[in-house]
Amino acid sequence: MFEFEIGRHRVGQGNPVFFIAEAGVNHNGSLDLAKQLVDVASDAGADAVKFQSFHAEEIATKMAPKSTYHQETTGGDEVESWFDMLKRQEMSREMHEELIGYCSKRNIIFASTPYDLKSLRLLCDLDVSVIKIASTDTNNLPFLRHVGTAGKPIILSSAMATMEEVSEAVETIKHAGSKHFAVMQCTGNYPADLQNSNLNVMHSYREAFGCPVGYSDHTAGIVNPIAATAMGANIYEKHFTLSRDLPGPDHRMSIEPEELRETIALVRRAQIVAGSAEKQVVPEELENRIKLRKSIVSREHIKVGQCINADMICVKRPATGMLPRLFDTVVGSVALVDIPADTPITQDMIDA
């Protein structure tokens, strides 16, 4: 599996999980709120804070209906159209520039999802470290061709997609020239049910594409941060807000600052627990490896020159003698010294 870098972070197997704190549109169009979100993400220990870059005219018709979820959180189309809601959430170039500078001061990577070609070009012009593709564009192959030529690491989300669609998306960005990309398992309802997490899809992605994989989490609770990390997620993304009580479409399904801090801590601890795939003895086991394991022991007094048979020996603690797997080697050997009963037999005591 290949690796790549996002800013100063290396992404892939054997590296710390790259944690993206998804601010999205939870800034409500306010630069001040956006900076507060940056502060929260940085203080919580996230590696990147991600926003959304779009022009309403480029991504939705004026008559596009709101999703049921957005109707629940912001009211029906008669209250405000989806187009008008998107218009309020746009970030200007100046807001992008201000946030990139502020993220640099707070030592956290600025990231954003471009939803249209103009926004992609803006992000490339601003030289962002990574391009995150939303699940809504997994099947938008014309757009993905442009993304693939951008020369930036790509993180591709895959909610609402079939495996065939994800494969086609990956082939599209690869054919366009992208060599550094990751694919994220994701479930596209808000909040998502745990039973629809399908974290094993990450293994399918890793096997199919040979790339870093991750999980974009829309569930509640602490199960998935632990499970996904233990299952090998290289990237983890979670929506957050300053308060679920704020008005807006995504606050309700986002976690609050203390929850973000706890989630990142869980991911870090889970990666420590997952540890290495190489089975080896850890230093803390060495003492018990001697005291609790067994070795070959004389069952009776064995005289020098005596040929040892199986009835004369047994296996007991501690493991200071010859290993039990050498039992058949000891049988038929000749004692070079007198061996008292109940004594661990070492190699220098026999002629084997």
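The values are calculated or read from the model by the stated rules, or taken from the named source; none is laboratory data. Just so we're clear, the structure is a prediction, and the values are computed from it rather than from any experiment. In this analysis, Cβ positions are derived from the backbone assuming ideal geometry, glycine residues included, and neighbour counts consider all displayed protein chains.
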Does any residue of segment 252-263 turn out to be touching a Leu at 6+ places or on another chain (Cβ under 8 Å), in a helix (DSSP H, G or I) and at pLDDT 95 or above? yes
Here's a check for you: in segment 292-327, which residue that is of a type in the set (D, E, K, R) and more than 48 Å from the chain's Cα centre (by Cα) is farthest from Val281 (Cα to Cα)? Lys303
Picking from Ala220, Ala227, Ala274, Ala233, the residue that is in contact with a Pro (Cβ under 7 Å, 6 or more places away or on another chain), farther than 19 Å from Val38 by Cα, touching a residue at least 24 places away in the same chain (Cβ under 8 Å) and not β-branched (Val, Ile, Thr) would be Ala220
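Matching residues to (1) more than 30 Å from Asn234 (Cα to Cα); (2) outside any helix (DSSP H, G or I); (3) touching a His at 6+ places or on another chain (Cβ under 8 Å); (4) among the aromatic types (Phe, Trp, Tyr):
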site: Ala270; (1), (2), (3), (4): no, no, no, no
site: Ser276; (1), (2), (3), (4): no, yes, no, no
site: Lys279; (1), (2), (3), (4): no, yes, no, no
site: Glu284; (1), (2), (3), (4): no, no, no, no
site: Asn288; (1), (2), (3), (4): yes, no, no, no
site: Arg293; (1), (2), (3), (4): yes, yes, no, no
site: Val297; (1), (2), (3), (4): yes, yes, no, no
site: Cys314; (1), (2), (3), (4): yes, yes, no, no
Filter segment 92-147 down to residues that are polar (S, T, N, Q), in contact with a Ser or Thr (Cβ under 9 Å, 6 or more places away or on another chain) and within 20 Å of Ala34 (Cα to Cα) and give me whichever is surrounded by the most Cβ atoms within 10 Å (Cβ to Cβ). Ser112
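A quick yes/no check of all residues on (1) under 20 Å from His239 (Cβ atoms); (2) of a type in the set (S, T, N, Q); (3) out of contact with any helix residue (DSSP H, G or I) (no Cβ under 8 Å at 6 or more places or on another chain):
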{"position": "Ile20", "(1), (2), (3)": "yes, no, yes"}
{"position": "Gly29", "(1), (2), (3)": "yes, no, no"}
{"position": "Ala34", "(1), (2), (3)": "yes, no, no"}
{"position": "Leu37", "(1), (2), (3)": "yes, no, yes"}
{"position": "Val49", "(1), (2), (3)": "yes, no, no"}
{"position": "Arg93", "(1), (2), (3)": "no, no, no"}
Would you be able to tell me the number of residues in segment 41-54 that are buried (at least 21 other Cβ atoms within 10 Å of the Cβ) and either assigned to a strand (DSSP E or B) or more than 19 Å from the chain's Cα centre (by Cα) (or both)? 7
Lys87 fails exactly one of (1) more than 30 Å from Glu5 (Cβ to Cβ); (2) at pLDDT 75 or above; (3) part of a loop (DSSP other than H, G, I, E, B), namely (3)
Matching option when the condition is in a helix (DSSP H, G or I), assigned by the TED database to the domain that holds His175 and closer than 24 Å to Glu165 by Cα, among Ser104, Ser112, Ser119: Ser119
Can you run down the residue pairs with Cβ atoms below 9 Å, 6 or more apart or on separate chains, where the first is in segment 167-194 and at negative phi and the partner is charged (D, E, K, R) and assigned to a helix (DSSP H, G or I)? Ala169/Asp137; Thr172/Arg145; Ile173/Arg145; His175/Arg145; Ala176/Arg145; Phe181/Lys174; Val183/Arg206
If I ask for residues that are part of a helix (DSSP H, G or I) and either among the β-branched types (Val, Ile, Thr) or in contact (Cβ under 8 Å) with a residue 60 or more places away in the chain (or both), which ones from segment 1-40 would you list? Leu31, Leu33, Ala34, Lys35, Gln36, Leu37, Val38, Asp39, Val40
One residue is enough: does segment 275-291 have a residue meeting the conditions over 44 Å from the mean Cα position of the chain (by Cα) and not polar (S, T, N, Q)? no
Inspect all residues belonging to segment 87-107 and state whether any of them is out of contact with any Gly (no Cβ under 9 Å at 6 or more places or on another chain) and within 24 Å of Cys186 (Cα to Cα). no
Across segment 141-165, what is the total count of residues that are over 25 Å from the mean Cα position of the chain (by Cα) and without any contact (Cβ under 8 Å) to a residue 12 or more places away in the chain? 1
Among the listed residues Met312, Met253, which satisfies the condition of being surrounded by 13 or more Cβ atoms within 10 Å (Cβ to Cβ) and touching a Pro at 6+ places or on another chain (Cβ under 6 Å)? Met253
Quick check, is Ala227 surrounded by fewer than 19 Cβ atoms within 10 Å (Cβ to Cβ) and either of a type in the set (S, T, N, Q) or closer than 18 Å to Ile255 by Cβ (or both)? yes
Working only within segment 173-195, note down all residues that are loosely packed, with under 15 Cβ neighbours inside 10 Å and either hydrophobic (A, V, I, L, M, F, W, C) or under 17 Å from Asn234 (Cβ atoms) (or both). Lys179, Leu194
